[in-house]
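Derivation of every value follows stated rules applied to the coordinates shown; laboratory data play no part. Keep in mind it's a predicted model, so treat the numbers as computed, not measured. Cβ sites come from the backbone with ideal geometry, for glycine too, and all protein chains shown count toward neighbours.
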Amino acid sequence: MLVELCVEDLQGVLVARRAGADRVELCQDLSCGGLTPPLGLVRECLAHAPDGGLQVLVRPRPGGFTYSPQEVGQMLRTVTSLLALGHRAPVRLGLVVGALRADGQVDTAAAHALRQAAGPAPLTFHRAFDHCRDTVEAYGDLEGLGVRYVLTSGAAQTAADGASVIAG
């Protein structure tokens with residue numbers, strides 16, 4: 001079993017490492033579901049992350065997961081900047097992304113562009129997945145795009161509540 005903790009700052013990374021976490025997801029402002037952290041913080045956290053690496057959330061704003069072309073462009077530029085930091089890092093950098101269409105389906109165009117921009121970096125589709133109208137279809141779309149991981153609570157309030165969906 002892989003243990004990943006979601007944190008907002010360097011102190012959280014240090015605590016996660018001391019507690020034995022395999023890797024860390026770094027976000028800013030978890031109160032809104034998380035946003036992209038500043039590059040300086042990412043650089044600092046990469047130097048102290050557990051051996052399993054640092055996953056960085058790429059989410060430009062709070063609210064829904066349907067993004068304008070300009071916001072997708074911003075996300076792509078962020079991915080490029082993060083990857084530049086990751087090339088010099090002592091641990092592996094992964095990216096956590098997500099984008100939906102207004103009809104509740106995965107925005108495959110945005111997801112494909114993000115997958116391409118990420119190159120070989122591990123790519124996780126975040127909890128936008130729980131807002132998909134059909135998670136089975138969404139999972140197939142993401143698998144076809146080469147998305148390696150999916151964060152989900154089984155479309156429930158908590159992962160414990162959605163455990164039967166996740167297991168199924």
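Details
- Where only DSSP H runs of four or more residues are counted, the chain gives -11000 deg cm²/dmol as its mean residue ellipticity at 222 nm, each run worth -39500 (n - 2.57).
- Inter-probe distance in nm under a simple model that places probes 7 Å from Cα toward Cβ, at TYR149 and HIS48: 2.0 nm
- Labels on offer are (i) 27, 19, 16; (ii) 24, 19, 14; (iii) 29, 18, 15, and the one holding semi-axes √(5λ) of the Cα gyration tensor in Å computed from this structure is (ii).
- Taking amide hydrogens as placed 1.01 Å from N in the peptide plane, the amide H of GLN105 sits under 5 Å from those of ARG133, each at least 5 positions away in sequence or on another chain.
- For the chain, the residue among GLY140, LEU151, LEU54 whose Cα projects farthest onto the positive side of the dipole built from Cβ charges is LEU54.
- In order along the range 30-37, the phi-based Karplus estimate (6.51 cos²θ - 1.76 cosθ + 1.60, θ = phi - 60°) of 3J(HN,Hα) comes to 4, 4, 9, x, x, 9, 4, x Hz; Gly and Pro are listed as x.
- Shown in residue order for the range 133-141 are the 3J(HN,Hα) couplings computed by the Karplus curve 6.51 cos²θ - 1.76 cosθ + 1.60 at θ = phi - 60°: 6, 9, 5, 5, 4, 4, 4, x, 4 Hz (x for Gly and Pro).
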